[in-house]
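The values are calculated or read from the model by the stated rules, or taken from the named source; none is laboratory data. Remember, it's a predicted structure, so these values are computed and weren't measured experimentally. All Cβ positions, even for glycine, are placed from backbone atoms using ideal geometry, and neighbour counts span all protein chains on display.
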Protein chains: 2
Amino acid sequence: MAENIDPSLPSDDGVRVKNIRHSLSHIMAQAVLEFWPKAKLGMGPAIENGFYYDFQFAKPLQEQDLQKIENKMKELILQDQKFIKKDITKLAAKKLFKDQPYKLELIKELPGKNVSVYESEPAFAKASARQGFVDLCKGPHVKSSKEINPNAFKLTKLAGAYWKGSEKNKMLTRIYGLAFATERELLDYVKMQEEAEKRDHRILGKKLDLFIFSDIVGKGLPLYTEKGTAIRRELERLIVDEEIKRGYKHVCTPDLAKVDLFKKSGHYPYYKDTMYPVMKVDEEELILRPMTCPHHYQLYLAKPRSYRELPFRIAELAKQYRYEKSGELTGLARVRCFCLADSHIICQKDQAENEINLALKLIEDMAGIFGLKSGVDYRYRLSLGDKKDSKKYYKDDKAWDFAENVLRKVLKEKNAPFFEAENEAAFYGPKIDIQMKNSAGKEETAFTVQYDFVGPKRFELVYADSDGKSKEAVVIHRSSIGAIERTMAFLIEKYEGAFPLWLSPIQVSVIPISEKHAEYAKEIIKKLKDNNLRVELRDENETLGKKIREAEMQKIPYLLIVGDKEISSGGVSVRQRTKGDAGQVQTDEFIEKIKKEIKEKT
Amino acid sequence: MAENIDPSLPSDDGVRVKNIRHSLSHIMAQAVLEFWPKAKLGMGPAIENGFYYDFQFAKPLQEQDLQKIENKMKELILQDQKFIKKDITKLAAKKLFKDQPYKLELIKELPGKNVSVYESEPAFAKASARQGFVDLCKGPHVKSSKEINPNAFKLTKLAGAYWKGSEKNKMLTRIYGLAFATERELLDYVKMQEEAEKRDHRILGKKLDLFIFSDIVGKGLPLYTEKGTAIRRELERLIVDEEIKRGYKHVCTPDLAKVDLFKKSGHYPYYKDTMYPVMKVDEEELILRPMTCPHHYQLYLAKPRSYRELPFRIAELAKQYRYEKSGELTGLARVRCFCLADSHIICQKDQAENEINLALKLIEDMAGIFGLKSGVDYRYRLSLGDKKDSKKYYKDDKAWDFAENVLRKVLKEKNAPFFEAENEAAFYGPKIDIQMKNSAGKEETAFTVQYDFVGPKRFELVYADSDGKSKEAVVIHRSSIGAIERTMAFLIEKYEGAFPLWLSPIQVSVIPISEKHAEYAKEIIKKLKDNNLRVELRDENETLGKKIREAEMQKIPYLLIVGDKEISSGGVSVRQRTKGDAGQVQTDEFIEKIKKEIKEKT
């Protein structure tokens, strides 16, 4: 349909669309007050892609109320309301908003003697309970509701939101809306969102039965089902076995320690806010660890070490605990306990360059297994410190220079696509971040390789050199496939749940055509299980078509159909995901084929 | 040598040897005061196999002081001291012990007006700083030090001990001694101790570099080295893979939860004392889990379940946290965080018998891998509740009867060696305990299979039966190889560190005869590593003999010696643990042979 907007206005005018969004939040509040005159108003700003407004209702709002409000908003828009700014005294404002406690709070906090309000004045007077609407607001707004396309906005959802974002305050009801200048932009955005949702790991995780959250267990603490755990296990064993092959010493250290350990490491002041609280028992003060480094140093320090033992590459699939704010928790991508494929390489200063190179090589090889390429799917960031900020960064200018140069040299010599970023280092040294795009196209740090010259000092990580003298080591912190949780979130979205065979929670579904083929199907299942394959039997009393459809919905790589024909030949009929019917083969032949496919991780 | 004891006294007289031990503690205090006249005396009782006395010294005692004290004690014993009891008034006692604050504290606490003291009166007066010794003591003692064999006791160690065992009090120095009636008994005991130490997992763990403890990490929290972790990993993968083959759903759930979860499960009041403290953050009260059951129930409850899904066997290698008293911590056998091969089988009531049977079969098969046999190395205990104790046990007489009968039936029908024990059940139902002897010959509960009718009620664990009705399930709790830590402790002692090939941290040591064979040795190492074998290279500049001896000390199953002869034939010379030289073979042949041995776990 045609857009009823003044065609002289450019559609991509950022200011204009922001004014539209902000004005819509006023119109929404106006509509809400028509239905619930006693509702209390919080704040209502324009946001990316739309707007919201926070309300306090006497009774909770229902999802179906949104349509009602939206309809009323369209009606108000068509009234050609003018948005008129007025400066009034605080005294007058207090009188005007005497029934609006949140507005009164804001008036009190605002500087100066006057405040500005915006009045929406209906152009066509109408027999309505309330004529127009006034809100405490510094603007700007559209001049008239005529500038708003009533088909280019949409109310989307209800959410709880604390007044001023603080958990100490009352929880209000937030109504979100989308809004654009044109209906086309709205439709495009909604479609893009639907596409993103289709691959959203939280939605797929539920649909494919990979993990759940439970209110009584706690926020940000996923519970993995049998299927989700199968993926975790594959990833965990892959990385452990590969790292061992590459000369890492895989160890196992406790998830907690005395708080003294983190005071000594210097982590405590920097990470205190996201660390779990101290647990006092008997003579000890224990705390869940936010990182693994100081535990690993204890293993190094258990004996005097010689230069012959370096590089000493300690690795662990280590659980780490950080108390993220509940608003920041996102499925598996942001959790309160994660399992990092972590490592600390204790080496001589002149071994650091080679070790960093090897660490980057491992990261690239692992990413390669998932089809990710340097320069295409990810790039490198050289994250530097700030010598002027000795509060945030350990003060040792020479050490920073040396370390930054080592990292820069590695990146230059491998011709890696990289950029430099100031003020992104760790407190103990500079790092290389592997920046990867997530499924929404946003670049995030997936893995890091860090140079640390502070840990060795704090913990006296020394070795006897070939000349017999005691020398200080350096530490390279690095991950290889990052946190298992986050990597899983990433892979679920990347594959949209259709995992490669080796990662598939169920690799083969065996489907007997009818009840009388169930016995044979069970024999096949046993054979597959004996070969350590993950299988399921679909012997429900359903039509073949329905059983196939359901297995396909679960994105299972191979379906084996068995009936009279297969029984007489001792084989199976294979249906391959996306490729469809692949004909009949002998069972052993099928097993050999897919075992090869699993081994090759294709 | 001949014993200088009145031969008319029986050597195994328990009272007599106790009197000897107690008298030795007085003589030790007497000796200590001769060297440190200002030492303050705590208490000094007889204990199993010996005695101790607690002292407060101005300067810490050294290990080498023990010999000095022991010599002085022998001297005092030979003086034929008489032990004479006297009753005196508290007033007199206070005067007598005016310089001994701990004795004064005891006098104050004792009931009545009089107290008893023991005086040791030297029979031969001697020009010594102190003549005799007097201690607050109710006895009894030997009549004369003549009854004590000066060669049948031995001071063994120094330890810290809080006054009256309370951490709130001052730490005193405790001196321990062994004492027996005869020298032969002392020597036998010392020898037995040395034998036990040789296989003590704490000592072997250090010698074989398997794990460490660190003061700054905390008590009861082991850190596993690369080698210890290899053993853990083998055990973990073994049990996970085997359980999956047997139809278990392996899951992964968080190590902590809101305390509400354990209040709901009913664990909180029962286990509160050994649970870690609650961590309050934001709106949540979190706690480290002491067990896994309620987490697993959440996964079951994620969907409505049908009878077709039962038995629903959830398993996990689950970390669990219990705060054991520091005095009870013992290497890996008693820790503050352990990883249990745990499972909860949610099933129909009439499936319970079969599930218990299968669980016992799994336990037996796993124990069999370690060469342990039912009736020889372990037996079963049917642990019953007590219907009269409704505080300790959930009140439901009918349910107890039913469950106890199911367990009894299983044990009877499998002709298992078992005995019944009252008042040993869990609060939620009876159980079968697998009782195994530890290396010291003491019987302990290694694994359990528990019947639970309380959990299903508390969590409404129901299923839709074939008739469409909702029915309550029962839960079988069981372990398969118990806690990995404890099982490791057990296996280290059982094998005395000489693990079977599949469990060995290092499976093959490659030893080049001289420097010029190092290159070839490295090729062999690479080949072995490519076959996922755990290997080490001994290319230090040492004699061949020394390198072999050191590898043998580490109890490595296979040593491969390579020199000119092996290079020219492309093979290796094999030395097998305990069997010695096994001749020269082709490298590939050796690899095939030991891969087979690993697979068969022989």
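Structure notes:
- With respect to being surrounded by fewer than 19 Cβ atoms within 10 Å (Cβ to Cβ), within 22 Å of the chain's Cα centre (by Cα) and over 24 Å from B:A318 (Cα atoms), A:K207 fits the description.
- Here the condition is being in contact with an Asp or Glu (Cβ under 8 Å, 6 or more places away or on another chain), within 14 Å of another protein chain (Cβ to nearest Cβ), at negative phi and surrounded by 15 or more Cβ atoms within 10 Å (Cβ to Cβ); of A:S374, A:S343, A:S265, it holds for A:S343 alone.
- Region B:117-135 residues that are within 10 Å of B:H26 (Cα to Cα) and of a type in the set (V, I, T), paired with ones that are at pLDDT 80 or above and outside any strand (DSSP E or B) (beta carbon under 7 Å, 6 or more apart): B:V134/B:L96
- Restricted to region A:397-451, and to residues there that are in contact (Cβ under 8 Å) with a residue 24 or more places away in the chain and on the phi > 0 side of the Ramachandran plot, the residue that is surrounded by the most Cβ atoms within 10 Å (Cβ to Cβ) is A:G429.
- Residues in region B:476-510 that are of a type in the set (K, R) and modelled with pLDDT under 95 were compared, and the one that is nearest to the chain's Cα centre (by Cα) is B:R486.
- Test result for A:R549, out of contact with any Phe, Trp or Tyr (no Cβ under 7 Å at 6 or more places or on another chain) and away from chain B (no Cβ under 14 Å): yes
- Among the criteria (1) surrounded by 15 or more Cβ atoms within 10 Å (Cβ to Cβ); (2) in contact with a helix residue (DSSP H, G or I) (Cβ under 6 Å, 6 or more places away or on another chain), the one B:K601 does not fulfil is (1).
- Segments classed as strands (runs of 3 or more DSSP E), wholly inside region A:456-530, with at least 3 members that are within 30 Å of A:E542 (Cβ to Cβ), out of contact with any Phe, Trp or Tyr (no Cβ under 6 Å at 6 or more places or on another chain) and in contact (Cβ under 8 Å) with a residue 24 or more places away in the chain: A:508-512
- Matching option when the condition is in a loop (DSSP other than H, G, I, E, B), under 17 Å from A:Y53 (Cα atoms) and under 39 Å from the mean Cα position of the chain (by Cα), among A:G160, A:G139: A:G139
- Unmet criterion (only one of (1) surrounded by fewer than 18 Cβ atoms within 10 Å (Cβ to Cβ); (2) out of contact with any Phe, Trp or Tyr (no Cβ under 7 Å at 6 or more places or on another chain)) for B:Q576: (2)
Results for (1) closer than 30 Å to B:I20 by Cα; (2) away from chain A (no Cβ under 13 Å); (3) not aliphatic (A, V, I, L, M), shown as yes or no for each residue.
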position: B:F180; (1), (2), (3): yes, yes, yes
position: B:M192; (1), (2), (3): yes, yes, no
position: B:K207; (1), (2), (3): no, no, yes
position: B:L221; (1), (2), (3): no, no, no
position: B:H250; (1), (2), (3): no, no, yes
position: B:P277; (1), (2), (3): no, no, yes
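- Among residues that are out of contact with any Lys or Arg (no Cβ under 6 Å at 6 or more places or on another chain) and at pLDDT below 95, A:P254 is not included.
Okay, residues lined up against (1) more than 23 Å from A:H344 (Cα to Cα); (2) in contact with a helix residue (DSSP H, G or I) (Cβ under 9 Å, 6 or more places away or on another chain); (3) of a type in the set (G, A, S):
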| residue | (1), (2), (3) |
| --- | --- |
| A:L358 | no, no, no |
| A:K361 | no, no, no |
| A:F370 | yes, yes, no |
| A:S374 | yes, yes, yes |
| A:S390 | yes, no, yes |
| A:K409 | no, yes, no |
| A:E420 | yes, yes, no |
| A:E424 | no, no, no |
| A:Y428 | no, yes, no |
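- Flag if B:G228 is closer than 19 Å to A:T292 by Cα, outside any strand (DSSP E or B) and either among the acidic types (D, E) or within 8 Å of another protein chain (Cβ to nearest Cβ) (or both): yes
- Residue in region A:551-562 that is in a loop (DSSP other than H, G, I, E, B), modelled with pLDDT of 95 or more, surrounded by 12 or more Cβ atoms within 10 Å (Cβ to Cβ) and aliphatic (A, V, I, L, M) present: yes
- For region B:348-371, the count of residues that are surrounded by fewer than 19 Cβ atoms within 10 Å (Cβ to Cβ), touching a strand residue (DSSP E or B) at 6+ places or on another chain (Cβ under 8 Å) and within 14 Å of chain A (Cβ to nearest Cβ) is zero.
- Residue selection: B:T173 fails the criterion of being outside any strand (DSSP E or B) and hydroxyl-bearing (S, T, Y).
- Qualifying residue in region A:249-257 (condition: within 26 Å of the chain's Cα centre (by Cα) and in a helix (DSSP H, G or I)): no
- Flag if A:K387 is under 27 Å from the mean Cα position of the chain (by Cα) and surrounded by fewer than 16 Cβ atoms within 10 Å (Cβ to Cβ): no
- Every listed requirement among (1) part of a helix (DSSP H, G or I); (2) at pLDDT 95 or above is met by A:E194 save one, (2).
- Verdict on B:L310 being surrounded by 23 or more Cβ atoms within 10 Å (Cβ to Cβ) and either under 22 Å from A:V278 (Cα atoms) or more than 10 Å from chain A (Cβ to nearest Cβ) (or both): no
- Residue list for region B:234-248, restricted to those being part of a loop (DSSP other than H, G, I, E, B) and either surrounded by 19 or more Cβ atoms within 10 Å (Cβ to Cβ) or within 7 Å of another protein chain (Cβ to nearest Cβ) (or both): B:Y248
- Of all the listed residues (B:K126, B:K98, B:K168), the sole one being more than 27 Å from B:K68 (Cα to Cα), at pLDDT below 90 and assigned to a loop (DSSP other than H, G, I, E, B) is B:K168.
- Positions within region B:317-340 being within 14 Å of another protein chain (Cβ to nearest Cβ), over 25 Å from B:R237 (Cβ atoms) and touching a helix residue (DSSP H, G or I) at 6+ places or on another chain (Cβ under 8 Å), in sequence order: B:R322, B:Y323, B:E324
- The lone exception for B:S390 - which of (1) polar (S, T, N, Q); (2) assigned to a helix (DSSP H, G or I); (3) more than 14 Å from chain A (Cβ to nearest Cβ) it fails: (2)
- Complete set of residues in region A:291-307 that are assigned to a helix (DSSP H, G or I), surrounded by fewer than 22 Cβ atoms within 10 Å (Cβ to Cβ) and away from chain B (no Cβ under 11 Å): A:Y307
- In region B:580-594 there is no residue matching the filter, namely being on the phi < 0 side of the Ramachandran plot, free of Cβ contacts under 8 Å to residues at least 24 places away in the same chain and under 33 Å from the mean Cα position of the chain (by Cα).
- The residues of region B:279-290 that are more than 8 Å from every other protein chain (Cβ to nearest Cβ) and of a type in the set (D, E) amount to a single one, B:E285.
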